[in-house]
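Contents: one structure, followed by commentary.
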Amino acid sequence: MNLPAHPPKNLPARTRVLTADELDLLELALSGGPAWSPEGPTPVTLTDAENTPLAVADDDGVRALKPFARAAGPHWDPALRRGADDVRAELRGADVAAVVVAEAPTRSEVTVLPALTSGANRVLLLVPASRRAPAAGAVGAPGLVRVAGDLADGLRTDATSVDVVVVPWPASSPARPGWADVAARYGATRSVVLAEHRDQADRERVGDLGSLWADEVADLYPEPSAREVVRAARTARRSGAVVFFTGLSGSGKSTVARALAAELDDEGLHTTLLDGDEVRHHLSKGLGFDKESRELNVERIGYVASLVASHGGVAVAAPIAPFASGRARVREHAEAAGTFLLVHVSTPLEVCEARDRKGLYAKARRGEIPEFTGISSPYEVPTDADLVIDTSQVDVADAVAQVRAALVARLDG
């Protein structure tokens with residue numbers, strides 16, 4: 001995707017914050033996938049949840065302004081998550097069979113895969129990688145990419161020695177546009193959805209998985225006892241937790257928080273992300289940026305996060321939270337509900353300024369934004385952080401791994 005060195009200064013005044021599904025559709029369209037534009041009046045500046053301008057939609061279509069923020073996980077690996085234009089150019093002239101890997105394949109699907117790709121000299125394994133969390137119990141994009149990698153290895157070692165390419169693509173939920181259209185944009189001459197070739201016996205067995213345990217309980221216990229055993233199992237849960245990131249604007253806390261939340265959710269830990277800008281837009285709309293308003297915003301985030309933890313979920317919050325007193329109140333509420341982990345993202349101010357995607361630091365330096373943390377308003381460095389991470393020294397994947405390890409140790413402790 002060709003992007004301008006700097007976004008134009010005269011952007012449309014009207015803005016629209018895109019949903020997760022719309023971000024997927026926009027990313028796909030800008031990379032050479034099926035065309036997409038938002039409904040409603042134009043021209044309009046399209047932003048992510050952090051209000052970062054990503055594109056402009058007008059009568060001429062949609063044009064990119066900035067790259068999309070990347071998170072961690074194999075489905076965000078830039079070596080895999082390539083645009084449709086790039087992949088199509090690489091595969092041009094080949095007989096390309098695309099296989100959509102939207103579910104964890106059964107043995108029967110793995111067995112039939114060579115026949116589905118027979119005759120092709122290139123195989124494209126397309127993995128839908130929605131920004132939405134997967135449905136409860138479903139294998140998410142990280143797991144599906146790992147599965148696709150194993151499938152690719154199996155095909156490469158087959159006697160045909162086909163060339164296999166694994167590509168996670170930004171699939172909105174529910175998936176649109178259709179698989180065939182997306183596959184064609186990526187250069188496929190034919191396409192199939194692997195799960196549609198699951199044999200009937202496997203379909204029935206997969207469908208029955210959820211009831212196997214209940215059936216065993218019913219067989220083992222008389223009905224009154226079975227009813228109570230099932231009820232107890234439904235209410236059994238591990239302790240909830242709050243992972244609270246704090247740091248300067250541009251420190252990378254939101255990026256790490258999003259990646260952590262996606263990974264935890266994919267692993268079955270029901271996770272709620274409370275990102276600073278999104279909370280400001282919804283929960284704390286109308287609050288200013290004076291100390292009292294900032295403290296109230298952080299207190300609201302802490303309250304909601306503690307409710308999530310009290311019900312056994314994991315809340316991941318990423319406000320700036322510049323004051324020690326506000327962070328202390330969050331800790332107090334969270335520890336009463338479950339586990340609390342305070343993560344200080346200690347990226348230096350000069351690095352945060354250099355990264356500034358929204359030009360906020362420059363405006364603060366010019367006096368256009370009053371009480372801006374790190375410039376005209378203080379940031380009180382935590383002395384009680386459970387983990388300190390400098391994202392100028394470690395990448396997102398390493399940062400997520402550190403936070404995840406610390407959290408799991410506490411949950412299992």
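Here are the numbers for the structure shown:
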read-out: Three-way shape label, the range 79-150, alpha-carbon gyration tensor, a/c 1.5; value: oblate
read-out: Amide H partners (placed H, <5 Å) of Ala188, local residues excluded; value: none
read-out: Burial order of peptide ranges 396-402, 339-345 (average beta-carbon count within 10 Å, highest first); value: 339-345, 396-402
read-out: Cβ-Cβ FRET estimate between Ala401 and Ala79, R0 fixed at 22 Å, reported to 0.05; value: 0.75
read-out: Percent accessible area from carbon and sulfur atoms, the chain, protein chains only, probe 1.4 Å; value: 52 percent
read-out: Residues in the range 11-48 that a label on Lys363 would reach, taking backbone N under 14 Å of a point 7 Å out along Cα→Cβ; value: 11-15
read-out: Whole-number percent relative contact order across the chain, with pairs defined as alpha carbons under 8 Å at least 6 apart; value: 15 percent
read-out: Fully extended contour minus Cα-Cα distance, from Val139 to Asp356, at 0.36 nm per residue; value: 74.7 nm
read-out: Sites Asp390 and Glu292, calculated FRET efficiency, Cβ-Cβ separation with R0 30 Å, nearest 0.05; value: 0.50
read-out: Simple label model, 7 Å out from Cα along Cβ direction - Ala409 to Asp202, nm; value: 4.1 nm
read-out: Contour excess over end-to-end distance, with Cα ends at Asp215 and Ser173 and 0.36 nm allotted per residue; value: 11.9 nm
read-out: Estimated 222 nm signal from helices in the chain, with DSSP H stretches of n ≥ 4 weighted -39500 (n - 2.57), rounded to 500; value: -13000 deg cm²/dmol
read-out: Spacing of the two label points (7 Å from each Cα toward its C-beta) at Tyr303 and Glu371, in nm; value: 1.9 nm
read-out: From phi via Karplus (6.51, -1.76, 1.60), per-residue ³J(HN,Hα) for the range 75-91 in Hz, x at Gly/Pro; value: 6, 10, 4, x, 6, 9, 7, 9, x, 4, 4, 5, 5, 4, 5, 5, 8
read-out: Furthest towards positive pole of dipole, Leu65, Leu91, Val101, structure part the range 65-109, Cβ charges; value: Leu65
read-out: In sequence order, calculated HN-Hα J values of the range 199-211 (Karplus, 6.51, -1.76, 1.60; Hz; x Gly/Pro); value: 6, 4, 4, 5, 4, 5, 5, 5, x, 8, 4, x, 9
read-out: Gap separating the Cα centres of the range 49-85 and the range 107-133, nearest whole Å; value: 25 Å
read-out: Spin-label model distance (nm) - Arg190 vs Ser225, 7 Å beyond Cα toward Cβ; value: 5.7 nm
read-out: For the chain: rounded, prolate or oblate by the Cα gyration tensor [a/c cutoff 1.5]; value: oblate
read-out: Computed magnitude of the charge dipole of the chain (debye, nearest 20; Cβ of K, R +1, Cβ of D, E -1); value: 860 debye
read-out: GNM top mover of Leu283, Leu209, Leu307 - the chain, alpha-carbon springs below 10 Å; value: Leu209
read-out: Overall form of the range 336-399 per C-alpha gyration tensor (a/c, 1.5; a/b vs b/c); value: oblate
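The values are calculated or read from the model by the stated rules, or taken from the named source; none is laboratory data. These figures come from a predicted structure and were not determined experimentally. With ideal geometry, Cβ positions are generated from the backbone for all residues, glycine too; neighbour counts draw on all protein chains shown. Surface accessibility is based on the protein's heavy atoms, side chains included, excluding ligands, DNA and RNA. Shrake-Rupley method; radii C 1.70, N 1.55, O 1.52, S 1.80 Å.
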